[in-house]
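The values are calculated or read from the model by the stated rules, or taken from the named source; none is laboratory data. Worth saying up front: this structure is predicted, and the values here are computed from it rather than measured. Cβ: placed from backbone, ideal geometry, glycine included. Neighbour counts: every protein chain shown. Side chains are part of the model used for accessible areas, which takes the heavy atoms of the whole protein and leaves out ligands, DNA and RNA. Shrake-Rupley method; radii C 1.70, N 1.55, O 1.52, S 1.80 Å.
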Amino acid sequence: MKKISNYYISIVVAVIAAFSMGTIGLFSKFLGLNAEIITFFRLLLGGVFVVIFTVPFYKADLFFRKPDVNMLVSGALLASFILFYIQSIQIAGLIVSVMTLYLAPVLAMILSQIFRGEKITRSSYASVCGVLIGFFMVLNIFNNKISMDLYHSLYSIIAMLCYAGFILTNKETKKGVPLLVHSGVQLLVGAIVIFPFVSLDNIMSLSSGQWLWLLVIGFVPGFLGLACAIYAIQNLSTVTYATISYVEPISTLFFAWFIFNEPLTITQLIGCVLIILFSLYQVFNEKKHTVHLALQ
């Protein structure tokens, strides 16, 4: 029964991760700063929050030991997919960038099946297909003319590959390393990778109000979002995490409607419903498998 309890906890944590990540657009709109500064402080302050919450429970020298190579790679991939995603939005546009990036969980699922031998059933593939249809409806791509060519889509494709790599590398973690330490190292490595792209003049000109919002960003989509995402990745199958990750665009859509009064179309609402229904279908489908294993 412990496996079943941990499974439900992992599902809740994955949903929290999706909603936390979805707040970045909301906070960015309030701030009005360039994406490099927001991303840098999201990772840096997120790492600082991890240290603050970790030291009372673990030895502080855990952060100063030789880090696992896997954690360094994950941190670099985290920063890379964010950077390439930012560049993709500027070159290829928002819809193409978001659509391509969110194919990463599906790619990670397929690669996990090929290289890690993770079993994926037909019903799981059906869940992913249903969630993807809902996702495309949320983006309204069926009502928009989308122009894609290899050159302009290159940044978004690289971002997708880095995001898929981030998911897969977090599946392979060093035993004995606490989750918070694992998260903290990735956040701080990501901040180091992004730092060369940040203008020091822009940092020096930040107001006290902007610093407050940056602290919120560092805590919610930075510390809380990444720590919960890594926990969910490590404790759920890749296909279940992939389906639940599509709750993030729903949260972004909800915040835009609730706070900024941005209109919601019927197509988008239907898309949200499809994402929720097929995510639930996958959750209960895997639960049956978990119960079966627990009873053996």
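Subtract the Cα-Cα distance of residue 125 and residue 208 from 0.36 nm times their separation in residues, and report this length gain in nm to one decimal. Please report the intermediate quantities before stating the final value.
Numbers: separation 83, 0.36 × 83 = 29.88 nm, distance 4.82 nm.
Separation in residues times 0.36 nm, less the Cα-Cα distance, equals 25.1 nm.
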Exercise. Based on the mean of other beta carbon atoms within 10 Å per residue, what is the order of 122-128, 260-266, most packed first?
Worked result: 122-128, 260-266
Exercise. Counting only the heavy atoms of the protein chains, how much of residue 171 is accessible to a 1.4 Å probe, in Å² to the nearest 10?
Worked result: 40
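At 27 angstrom or more along the helix axis (alpha-carbon based) and mean Kyte-Doolittle of 0.0 or higher, what helices does the chain contain? Whole DSSP H runs only. Each step should come with its number before you reach the end.
Values: long enough: 2-31 (43 Å, 1.20); 35-54 (28 Å, 2.01); 69-92 (33 Å, 1.66); 150-169 (28 Å, 1.48); 266-295 (44 Å, 1.04).
Counting only whole DSSP H runs, the qualifying helices are 2-31, 35-54, 69-92, 150-169, 266-295.
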Problem set entry | Cα shape, the stretch 208-287, gyration tensor, a/c 1.5 rule | oblate
Exercise. Arranged from highest to lowest average of other beta-carbon atoms within 10 Å per residue, in what order do the peptides 46-53, 182-189 appear?
Worked result: 182-189, 46-53
For this session: Specify the inter-centroid distance of the stretch 160-238 and the stretch 1-53, based on alpha-carbon positions, in whole Å.
Result: 8
Exercise. Given a Förster radius of 35 Å and the C-beta distance between residue 114 and residue 269 as r, what FRET efficiency does 1/(1 + (r/R0)^6) yield to the nearest 0.05?
Worked result: 0.45
Exercise. If you bin every alpha carbon distance in the chain into 5 Å steps from zero, what whole percent lands in each bin?
Worked result: 1, 5, 11, 16, 19, 17, 14, 9, 5, 2, 1, 0, 0
